[in-house]
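The values are calculated or read from the model by the stated rules, or taken from the named source; none is laboratory data. No experiment lies behind these values; they were computed from the predicted model shown. In this analysis, Cβ positions are derived from the backbone assuming ideal geometry, glycine residues included, and neighbour counts consider all displayed protein chains. We work out accessible area using only protein heavy atoms, side chains counted, and drop any ligands, DNA or RNA first. Shrake-Rupley method; radii C 1.70, N 1.55, O 1.52, S 1.80 Å.
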Amino acid sequence: MTPIATIQHQIPGRLRLRIPARRGDVSFFHGIVQALSKLPGVEKLDAIPLTGSIIIRHDGSAQAIAAAATEQGLFEIGPEEPKEAPAPSTRRRPCSGLRSTAATGLSGLALFQVARGQLTGNAAENFWNAYGAQRILGRPEIAAGFVLLGIVQVLRGQLLGSASSLLFYSLITRQLASVDRGATASYNSGVTAPSVSGDQQTGY
């Protein structure tokens, strides 16, 4: 019976197949290499019997190579193996619990300040919150609310916060600007993050 080969990875000039039924059969894969190396267009063959894989580097048509292998009774191309969806991770990030606790605590402090009548901060703080609502949360309606509060505080003469707050806002803004410049430079130069193929992940 002709074994079934599944396509694991394919790009122009390179084809990786897996024949799970013949995994570990050294003589079988040796015969595959001997037979396919004689085909026109085949430049290099690598067989890994331990994993049942064959890597074919060629300068022609992968379909023609597969058809020739079928004609010689070496293997037949079958449907691709279904890729299992990764199981959802139930592991929580180390800081997620701490952040949730901090968020709850800040919400409680906000209610405490409401009870004291301390509803809004200064203009600089409200404008910064508007920027954060737009940039981080993606909520323009919240950003607009903070902008209005900032304008009200400007009219009331409540312009600036503490020096430490303003310095912190400056540091964060510089960092975000640096990230934006890096993203723009990568986009303009056409540089993309390198992808890792299945061969590199498994070491072959």
Which of the residues that make up the range 7-57 are of a type in the set (Val, Ile, Thr) and touching a Pro at 6+ places or on another chain (Cβ under 7 Å)? Ile19, Val26
Among Ser27, Ser53, the single one that is within 30 Å of the chain's Cα centre (by Cα), modelled with pLDDT of 90 or more and of a type in the set (S, T, N, Q) is Ser53
Six or more apart or on different chains, Cβ under 9 Å: which pairs go from a residue in the range 14-31 that's more than 22 Å from Pro79 (Cβ to Cβ) and among the aliphatic types (A, V, I, L, M) to one that's open to solvent by less than 40 Å² (accessible area, probe 1.4 Å) and part of a strand (DSSP E or B)? Could you list them? Val26/Ala47
Scanning the range 151-177 residue by residue, the ones that are at pLDDT below 80 and either over 22 Å from Leu109 (Cα atoms) or assigned to a helix (DSSP H, G or I) (or both) total 17
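Quick grid of which residues meet (1) open to solvent by 90 Å² or more (accessible area, probe 1.4 Å); (2) within 21 Å of Ala177 (Cα to Cα):
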| position | (1), (2) |
| --- | --- |
| Val114 | no, no |
| Gly117 | no, no |
| Asn122 | no, no |
| Trp128 | no, yes |
| Arg139 | yes, yes |
| Ala143 | no, yes |
| Leu149 | no, no |
| Arg156 | yes, no |
For a quick check of your reading: which strands (runs of 3 or more DSSP E) sit entirely within the range 4-55 and have at least 3 residues that are open to solvent by less than 50 Å² (accessible area, probe 1.4 Å) and aliphatic (A, V, I, L, M)? 42-48
